[in-house]
Amino acid sequence: MRYELMLPHQIRRAIGENWPVVLPLGVLEYHGEHMAVGMDTIAVIEALNDIEREIDIVILPPFYYGAASYAVEPPEGNGSLHVDASTLAPLAQSMFTGLLRIGFRNIHFFIHHQSENFGAGMPTDLAFKFAARQATFAFLERERGEGWWGREGMADYYAQHEAGDDPFNWIKGHPLMTPEIIAQYPFDHAGIGETSLMLAIRPDAVDMGRLDDAKWYAASAREATAELGAKGRRLIAEHLRQVLKPKG
Ligand SMILES: [Zn+2]
């Protein structure tokens, strides 16, 4: 369900049944002359829409205003909209605090932008990961008081941790494409991988007649096909299923 369309009784049900609450996280960034600037975020939104038909999840309104960077092209006349990660962190912390206050304990964000080395991190996902940790610590201290971790009732903390239900699992970040997917599907910027994916999920966001393949990163887009994109879409859907399907 889309969060903005939910009624309070539906929100209470989602909390009670511990539905995953998912933030599509992305940027607005130049993706060559042939593709829409929202590509990275649209890819996450459409992947979530795909699995929302089979799994009970809450999809939050997407966040497009990440740290795009101007590494690909300067913004003037090209469309990249960069918001600095130091600005994002407090905003994201407020968002996560709000979601915890509502009662959600199964919160996720998915990101495609600059996610090829997700373990190491890049500014947008690092800002949101940092915010998630900060929000969780502050929330726990507010709810349980200082010294919550050291108290007797927490003696099973490491056992809980192993079972995957400790508080630091309340908010988790994920790349849209795992290393396993990237081994089977091209990861690029505005090249054959991204362009094919868009041709499969949002063909209205691509105009192949405008492709400028003089840019090295876009040159492979000449070979893009909706069929290849459909393969990426299937791999991504399987990954999302694994992450978001109900446990136990
Ligand atoms: Zn991209």
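Below is a table of values for the structure above.
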item: Prolate/oblate/rounded call for the chain, Cα gyration tensor, a/c under 1.5 rounded; result: prolate
item: Exposure of Ser94 as accessible area (Å², to 10), given a probe of 1.4 Å and all protein chains; result: 80
item: Peptides 86-93, 240-247 ordered by average Cβ neighbours within 10 Å, highest first; result: 86-93, 240-247
item: Inter-probe distance in nm under a simple model that places probes 7 Å from Cα toward Cβ, at Arg234 and Met208; result: 2.0
item: Local electrostatic count, Glu141, Cβ distance below 15 Å [Lys/Arg +1, Asp/Glu -1]; result: +3
item: 21 Å Cα cut-off, lysine pairs counted over the chain (separation 8 or more, or different chains); result: 4
item: Contact order relative to length of the range 186-248, as percent, for alpha carbon pairs under 8 angstrom and 6 or more apart; result: 38
item: Note, ³J(HN,Hα) from phi for the range 76-89, Karplus 6.51, -1.76, 1.60, rounded to Hz, x at Gly and Pro; result: 4, x, 10, x, 5, 10, 9, 10, 5, 4, 5, 7, 5, 4
item: Rel. contact order, % - alpha carbon contacts under 8 angstrom, at least six apart, the range 144-248; result: 26
item: Carbon + sulfur, % of accessible area of the chain - ligands and nucleic acids excluded, 1.4 Å; result: 54
item: Inter-centroid distance (Cα atoms) of the range 9-81 relative to the range 174-219, Å; result: 16
item: Share of alpha-carbon pairs per 5 Å distance bin for the range 1-132, given as whole %; result: 2, 11, 19, 21, 19, 14, 8, 4, 2, 0
item: Solvent exposure of the range 121-227 as accessible area per residue, Å², 1.4 Å probe; result: 54
item: Accessible area expressed per residue, the range 34-97, with surrounding protein chains retained (probe 1.4 Å, Å²); result: 42
item: Sequence-distant residues sharing a close amide H with Phe109 (under 5 Å, placed H); result: Leu23, Lys172, Gly173, His174
item: Where Rh is the Kirkwood radius over Cα pairs, Rg/Rh for the range 93-234; result: 1.14
item: Value of D in µm² per second that Stokes-Einstein yields for the range 43-107, Kirkwood Rh from Cα pairs, at 37 °C (0.692 mPa s); result: 228
item: FRET efficiency for Trp149 and Arg13, using Cβ-Cβ distance with R0 set to 30 Å, rounded to 0.05; result: 0.45
item: Rounded tilt (10° steps) of 39-52 against the dominant C-alpha axis of the chain; result: 60
item: Cα convex hull volume per residue for the range 34-75 (Å³); result: 86
item: The range 156-248 - Rg (one decimal) and Dmax (whole number), Cα, Å; result: 17.9, 61
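The values are calculated or read from the model by the stated rules, or taken from the named source; none is laboratory data. Just so you know, these numbers come straight off a predicted model, no measurement behind them. As a convention, Cβ positions derive from the backbone with ideal geometry for all residues, glycine included, and neighbour counts pool all protein chains shown. Side chains included, ligands, DNA and RNA excluded: accessible areas come from the protein's heavy atoms. Shrake-Rupley method; radii C 1.70, N 1.55, O 1.52, S 1.80 Å.
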